[in-house]
Protein chains: 2
Amino acid sequence: MLQQNDIRGPAEDTLPDYRSYRPLTVEDVPERLAAYAEVASTLGGTPADWQVREVGDGNLNFVYIVTGPSGSVCLKQALPFVRLVGEGWPLPLSRSFFEHAALSREGKAAGATPAILRFDGGQALIVMEDLSSHVIWRKALVAGERHETAAPVLGRFMAEALFRTSDLSLSADAKKREMALFAGNTALAKITEDLVFTDPYREHPLNRWTSPELDETAAAIRADAEWKLAAQELKWMFLTRAEALVHGDLHTGSVMVAKDGEAEDIRVIDPEFAFYGPMGFDVGALLANLFLNCFAQSGHAADPKPIQDWVLAQAERTWECFAARFSELWRTERRGDAFPGALFEDQGQHEAAQTALSRYLARLQVDALGFAGVKMARRILGLAHVSDLETIEPPARRAACEKQALNLARQLVVEREAIATVSAACGRVQSILGDRQ
Amino acid sequence: MLQQNDIRGPAEDTLPDYRSYRPLTVEDVPERLAAYAEVASTLGGTPADWQVREVGDGNLNFVYIVTGPSGSVCLKQALPFVRLVGEGWPLPLSRSFFEHAALSREGKAAGATPAILRFDGGQALIVMEDLSSHVIWRKALVAGERHETAAPVLGRFMAEALFRTSDLSLSADAKKREMALFAGNTALAKITEDLVFTDPYREHPLNRWTSPELDETAAAIRADAEWKLAAQELKWMFLTRAEALVHGDLHTGSVMVAKDGEAEDIRVIDPEFAFYGPMGFDVGALLANLFLNCFAQSGHAADPKPIQDWVLAQAERTWECFAARFSELWRTERRGDAFPGALFEDQGQHEAAQTALSRYLARLQVDALGFAGVKMARRILGLAHVSDLETIEPPARRAACEKQALNLARQLVVEREAIATVSAACGRVQSILGDRQ
């Protein structure tokens, strides 16, 4: 659990000086890493022995895997622009600072993150544990592979990371300092504000969709006042509810999975969008991407029902494990300023504390459903799509899956209060899939 | 309206250096003020001509009125502890920095604040317009005096101050910088968190109430799980909802009123509790203090009904004027990242934008009722009471008023969703007053 003295104040948490920043090339990497004793020692041998390969398939950064005689490491360096787009879309180097700050906090609070070997702030560079024996969970899901521990690990991870960075665990003072620190990560939050909550609902040059199959659907959504109103209520929550340090981009592409016989290993990566926001945003992001995968399976598998049932079961398990661990923390680690035990357990009112928890989780679940809805729609109508759907050919087949996903997305956004539970949302998915058969 | 360049970034907005801080005495004041050219010029003559009197009746600071041949000023200096309690309750000098930061922002955004002549950060000292020809609104209300423009001015003030510091008006980037700045004002927020939301619902040495008349009532409230659950949901909102720069202490004692024939002048003072919080908190604070005054009138006036009706009408007017001005700003100044016109008006969907506004105001009204409820209860059961009730003798007569106020407080906190409107809340007040007759 985060202790008071784990929370550094603003003085130590100032942004790095980037004046000496230099983006690395494959050739530069060994010399740079040789300067970091702990990294050099992990790799072994001399820089001449180190093999460097660029593996970044993300949109924003350079990522290298470096292998030496004794071991390997992963090096991630931010660029002062969006890698996918180029220098025309500048993006601050400070995202690396916030990624490191979030990664170290999540690691302490919840584990399941890659170990950090070195953070070089001024170079916007993080050297961490090499996870190249893992695969991105999204890819495994598209391939129909089943990692049974992913949902429980992620449910527990989110419960611990969110609970322990919130007013439920921290003093109001410590929490406000953390919130203020991460409030500096505005450029990344702005990407989410625009790409998730705004652009899909208007004509925008960055939008794309399966065309012409979804042209009418996209136009109907842009004209759908109820949907837009509900989406903007969710954007308001995203902008104003500083509940916990949220990962901010917790989709199935930010999860690495590995299997070795019976043993699995699950890790959460890439928290560069981290900020103080609504807890339901992370939970919803993960649910959204499981729902998207579920609909996409109809485009991949000849007999999709077994894998679809399994994926939906993972959505339910994620929530169940989240709620179970969150409830445990509520009972054993609720030492923050919110819902103080002094008013409940200390007065013998254990039932009231339990009622507060049930109501809290009910609201959080509704929030998560709403955020899941907006996260689904943006992956079909906005700039950034998901390989689950993108790899479906021909387009008509893909569009059929996407229309189903958008059907659910609207229900989640507009009817989230009535749907109320992840379990009921999974029922809606089954019902939409059933309509097609 | 606040412009982007009104919002100074964290570099200029760093806390003052307090190493040269020295608390002033009446004797020291002229020498200190002589160093501020703009103040000396306002006062006229020489420091030997300046009359100084200490007028602070607040709980926290020293306040002096200084009069010279040409004019007068008000000097407010923070102490490193709570004045009411003494050095045993330390309180950071930085509250003066936050008060000045809030006062200048409120002044630009909404007017109706005292003009600032000089801010000396390192001395935790603000020299401002002398309002000693005004009286505290609370005192005027207790005396049964009617200031007809107070409610409209305050409704407009809150609408402008809250709207223009929120994501409805500011870019997400500018708003997050402001939020981070005011997140440093944690010590003052903590007072509210404890004294308003927590202590009244448990046994605590700082609590006091009219005893023995209210002993049973206070004990019943400490055991009232529904009330405490709802109060803690409101505390959660207070801790997490960074919607706008709220004044944080906007009761009738933070309002100065003056009347000169037909002309009235209304000012809002003392925003040292300012932070980014829920808009409903300020609206609720004002409503709470009007409701408290209304119940207290039964203890003061022989025929209280006319003044009670008037006070309740002011609560309704405050909300009506707030909603009217807020609606106007929604239509004409909604240029922030929230509820962007690009999705509504720009697509010809004016009705949808209006629906968004109606829903926004409905939620805000419910929040305000809940916050009004907790603000009422703390003034009867907690540390800080209000003169409206405190001046009622004998205690049995006061306790009768207080029980009625607590009856309403519980309804507002627990049934706020069902009550829904300020108008309905005023109906509940009338109904409670009617029960007594």
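The values are calculated or read from the model by the stated rules, or taken from the named source; none is laboratory data. None of these values were measured; they are calculated from a predicted model. Note that we place each Cβ from the backbone using ideal geometry, even for glycine, and neighbour counts take in every protein chain shown.
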Do any residues in segment A:177-199 that are assigned by TED's automatic domain parsing to the domain that holds A:HIS251 have Cβ atoms under 7 Å from those of residues that are modelled with pLDDT under 95 and acidic (Asp, Glu), where the two are at least six apart or on different chains, and which pairs are they?
-> A:LEU181/A:ASP13
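From A:ASP388, A:ASP367, grab the single residue that is in contact with a Gly (Cβ under 6 Å, 6 or more places away or on another chain) and either buried (at least 17 other Cβ atoms within 10 Å of the Cβ) or without any contact (Cβ under 8 Å) to a residue 24 or more places away in the chain (or both). First the steps, then the outcome.
Working: A:ASP388 fails: in contact with a Gly (Cβ under 6 Å, 6 or more places away or on another chain).
Selected residue: A:ASP367, the only one of A:ASP388, A:ASP367 that is in contact with a Gly (Cβ under 6 Å, 6 or more places away or on another chain) and either buried (at least 17 other Cβ atoms within 10 Å of the Cβ) or without any contact (Cβ under 8 Å) to a residue 24 or more places away in the chain (or both).
Residues in segment A:202-214: is at least one in a helix (DSSP H, G or I), under 19 Å from B:PRO340 (Cβ atoms) and modelled with pLDDT of 95 or more?
Let us first name the residues in segment A:202-214 that are in a helix (DSSP H, G or I), namely none.
No, segment A:202-214 contains no residue that is in a helix (DSSP H, G or I), under 19 Å from B:PRO340 (Cβ atoms) and modelled with pLDDT of 95 or more.
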Would you be able to tell me the number of residues in segment B:329-362 that are in contact (Cβ under 8 Å) with a residue 40 or more places away in the chain and not in a loop (DSSP other than H, G, I, E, B)?
-> 3
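How about segment A:190-207: which of its residues are of a type outside the set (Asp, Glu) and either buried (at least 24 other Cβ atoms within 10 Å of the Cβ) or more than 8 Å from chain B (Cβ to nearest Cβ) (or both)? Give the steps one after another, and end with the answer.
Of segment A:190-207, the ones of a type outside the set (Asp, Glu) are A:190-192, A:195-198, A:200-202, A:204-207.
The answer is A:ILE191, A:THR192, A:LEU195, A:VAL196, A:PHE197, A:PRO200, A:TYR201, A:HIS204, A:PRO205, A:LEU206, A:ASN207.
Among the residues of segment A:82-103, what is the count of those that are of a type outside the set (A, V, I, L, M) and crowded, with 17+ Cβ neighbours inside 10 Å?
In the first step, residues of segment A:82-103 are kept if they are of a type outside the set (A, V, I, L, M); the result is A:83, A:86-90, A:92, A:94-100.
Those still in the list that are crowded, with 17+ Cβ neighbours inside 10 Å too: A:92, A:94-100.
Summing the residues that are of a type outside the set (A, V, I, L, M) and crowded, with 17+ Cβ neighbours inside 10 Å in segment A:82-103 gives 8.
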Considering residues of segment A:208-228 that are closer than 17 Å to A:HIS385 by Cα and among the acidic types (Asp, Glu) only, the residue surrounded by the fewest Cβ atoms within 10 Å (Cβ to Cβ) = A:ASP215
Within segment B:305-315, is there a residue that is within 13 Å of the chain's Cα centre (by Cα), of a type in the set (Gly, Ala, Ser) and away from every other protein chain (no Cβ under 14 Å)?
-> no
From the option list B:ALA244, B:ALA183, B:ALA231, single residue qualifying as buried (at least 24 other Cβ atoms within 10 Å of the Cβ), within 13 Å of another protein chain (Cβ to nearest Cβ) and in contact with a Leu (Cβ under 6 Å, 6 or more places away or on another chain) is B:ALA244
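For segment A:253-290, how many residues are part of a strand (DSSP E or B) and touching a residue at least 12 places away in the same chain (Cβ under 8 Å)?
Step one: filter segment A:253-290 for residues part of a strand (DSSP E or B), giving A:255-260, A:263-268, A:275-277.
Then drop every residue that is not touching a residue at least 12 places away in the same chain (Cβ under 8 Å), which leaves A:255-259, A:264-268, A:275-277.
Selection size over segment A:253-290: 13.
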From A:ARG22, A:ARG53, residue being without any contact (Cβ under 8 Å) to a residue 60 or more places away in the chain and outside any helix (DSSP H, G or I) | A:ARG53
Here the residues within segment A:104-130 that are of a type in the set (A, V, I, L, M, F, W, C) and surrounded by fewer than 19 Cβ atoms within 10 Å (Cβ to Cβ) are A:ALA115, A:ILE116
